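The values are calculated or read from the model by the stated rules, or taken from the named source; none is laboratory data. Since we're looking at a predicted model, the values are computed, not measured. Remember, those area values only see protein heavy atoms, side chains included, never the ligands or the DNA or RNA. Shrake-Rupley method; radii C 1.70, N 1.55, O 1.52, S 1.80 Å.
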Amino acid sequence: MADKKLRVLVADDIASNRSIVGAFLARLNCQPIFAEDGHDAVELFRQEAPDVVLMDLMMPRMDGFEAIRQIRSFGDDHWVPIIILSALSGEGDIVKGLEAGADDYLTKPLSFPVFAARFKALGRLLDMQRRLSGSLEQFRAVANGVIDGIITADEQGVILSVNRSASLIFGYRASEMIGRNLKMLMPSPFRDEHDAYLEHYVLTGERRMIGQIREVIGLRKDGSTFPLELGVSDLTLPGKRMFIGVVRDISESQRIRRKLADDAARLQRYHDEQEQEQELARSIMERQIRSDWLHDASVQYSVTPASNFSGDVVTVARSPQGVLYAMLADATGHGLAAAVSVLPVLGAFYRLVAQGAPLASIVQELNSLLCGFSFRGRFVAAVLVCVDERARSGAVWVGGVPDALLVDGQGAVVRRFSSAHLPLGITALGRDEVVPEVFSWAEDSQLILCSDGLTEAENAAGEQFGVRRLEDALRASTPAGRVEGVRHALADHLRGHPAGDDMSVLIVDCEGKA
């Protein structure tokens, strides 16, 4: 990989995720190719022939599982590693993704050191593939000849021939096996029963092992036993009968099987612990948020929790000068992991507002606080606003959450504040990157803030709630009832289908309420 710039296909339907992965790849001197869903990923793979594929699982039109299967179905002799990047971390999802054809599985949020290490390992494998490509056909011929052990024997069970792989499996030289009975490769009691079974088959034709593949126990020259897979067929030749046995040492596959069983047990314990952690995290967050300030007459809000506690937080505070500050934050991870990211942000937010700090200073300090954590891969997508009702001016900063909206009294969007910045805690922000957008307003104007859990909430048909349905709900409701209008529209969209993330909305009346 040292001399070649890897071209990496990134398939993810969330723009902020694509932006983060693109930033990681840029630091690794890789060229990203972006796809917004599985269908586009398959087409771009066909057109661009990338070196590596990074695939999200849950995407519209075509999910990652089907996209992986279609990419693997192309049958190209050139191996292209596929790495799944997903927040789904259940054993079933991991196994399903790997069985679909993926080569590795990384869970979100991503850790850059782990991400970089995996890419370096992939680079070494791809370099090896390029070096071996010139002799690929010869390599295949050799590999096909030695993958399994092949042993032939006569009607009395006397070994007639063995291949090199069989010698390696059992630890004998070919000359030590040919001419001796197959029993030498079996431990008791199978050794004692073998002659009688073979004689019974020759006389009656009753099959117990012939024509089947079974797991049995083998005996090596050094006396050790091991599990092997055995398939036996018989071949009738003029004047004699021959048995052909194909053997494969399955010690490693059984070790993996045991490990998978152990991992499954650990995953179950982890699930049980997570259930307890969810409740603890929710309790901690409820105690830390100043819920009395959320009763400010200028604020409407709703946080609809998903089945898992996901880290969405809405909070407001007023400076000593009466300026209203508000924040909607969405931390990565679940449970205590999300709470660990959000708790210091809450404390710093309240402290800085009490000092009357400018919005840019608050953004800068919150980002520095998160970047200073000893662990990586944790960040907080957020939108922060301040509204000076007396001066009729405000400011908005958006990083990693959906665009903030300024609507008039009829709910029509008069201005969008785009999500132009990375979430807090990913990297240091320059002076220009913390400068908020300033605005003024007309009568009855409101600021609408929401999390991506709201706009990306999917119904049973896989359709997202989306920005269009959000704006329709805003226009269909009065200023005082807009949060309820959004809640009703969301409930009508989901129709009882469970959401995968917290769905939060925060509405600020720009002119304030008496």
Phi angles of the stretch 353-369, converted by Karplus (6.51 cos²θ - 1.76 cosθ + 1.60, θ = phi - 60°) into ³J(HN,Hα) in whole Hz with x for Gly and Pro, give 5, 4, 8, x, 5, x, 4, 4, 5, 5, 4, 4, 6, 5, 5, 4, 4
Reviewing [x] 31.9; [y] 28.3; [z] 24.8, the figure for mean projected area of the Cα convex hull in nm² actually calculated from this model sits under [x]
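Hey, if we sort Leu343, Leu168, Leu125, Leu198 by accessible area with the 1.4 Å probe, largest down, what's the order?
On the way: Leu343 50, Leu168 135, Leu125 85, Leu198 15 Å².
Heavy-atom accessible area, descending, gives Leu168, Leu125, Leu343, Leu198.
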Subtracting the Cα-Cα distance of Arg416 and Ala391 from 0.36 nm times their residue separation yields 6.9 nm
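What number, rounded to the nearest 500 deg cm²/dmol, is the helix-based mean residue ellipticity at 222 nm of the chain, given -39500 (n - 2.57) per DSSP H run of at least four residues and division by all its residues?
Working: 15 runs with 200 residues, N = 514.
Dividing the helical sum by the residues of the chain leaves -12500 deg cm²/dmol.
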Heavy-atom accessible area per residue of the chain, all protein chains kept, 1.4 Å probe, expressed in Å², is 50 Å²
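Relative contact order for the stretch 384-438: what percent, with Cα pairs under 8 Å and sequence separation of 6 or more? If you can, show how the numbers build up before the last one.
Working: 73 pairs, mean separation 18.6, N = 55.
Worked out over the stretch 384-438, it gives 34 percent.
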With a ≥ b ≥ c from the Cα gyration tensor eigenvalues, square-rooted, and the rule rounded for a/c under 1.5, otherwise prolate when a/b > b/c and oblate otherwise, the stretch 155-282 is prolate
Along the stretch 161-172, Karplus-curve 3J(HN,Hα) (6.51, -1.76, 1.60; θ = phi - 60°) to the nearest Hz, with x for Gly and Pro, reads 7, 9, 9, 4, 5, 4, 4, 5, 4, 9, x, 9
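Of the accessible area of the chain, with the probe set at 1.4 angstrom, what percent is carbon plus sulfur? Mind showing how you got there, number by number?
Numbers: 13490 of 25460 Å².
Answer for the chain: carbon and sulfur cover 53 percent of the accessible area.
Express in nm, to one decimal, how much length is gained between Leu294 and Ser89 on full extension, taking 0.36 nm for each residue of separation and deducting their alpha carbon distance.
Numbers: separation 205, 0.36 × 205 = 73.80 nm, distance 3.43 nm.
The span from Leu294 to Ser89 would gain 70.4 nm if fully extended.
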Descending accessible area (1.4 Å probe), largest on the left, turns Arg269, Arg495, Arg72 into Arg495, Arg269, Arg72
Under a 1.4 Å probe, counting only protein heavy atoms, His200 has an accessible area in Å², nearest 10, of 60 Å²
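When a/c reaches 1.5 or more, the comparison of a/b and b/c decides; with that in mind, is the stretch 358-470 rounded, prolate or oblate per its Cα gyration tensor? Before the final figure, lay out the partial values.
Details: a/c = 2.91, a/b = 1.14, b/c = 2.57.
Oblate is the answer for the stretch 358-470, as a/c is 1.5 or above yet b/c matches or exceeds a/b.
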Shape call for the stretch 149-210, from the Cα gyration tensor axes a ≥ b ≥ c (a/c under 1.5 means rounded, otherwise prolate when a/b beats b/c, else oblate), comes out prolate
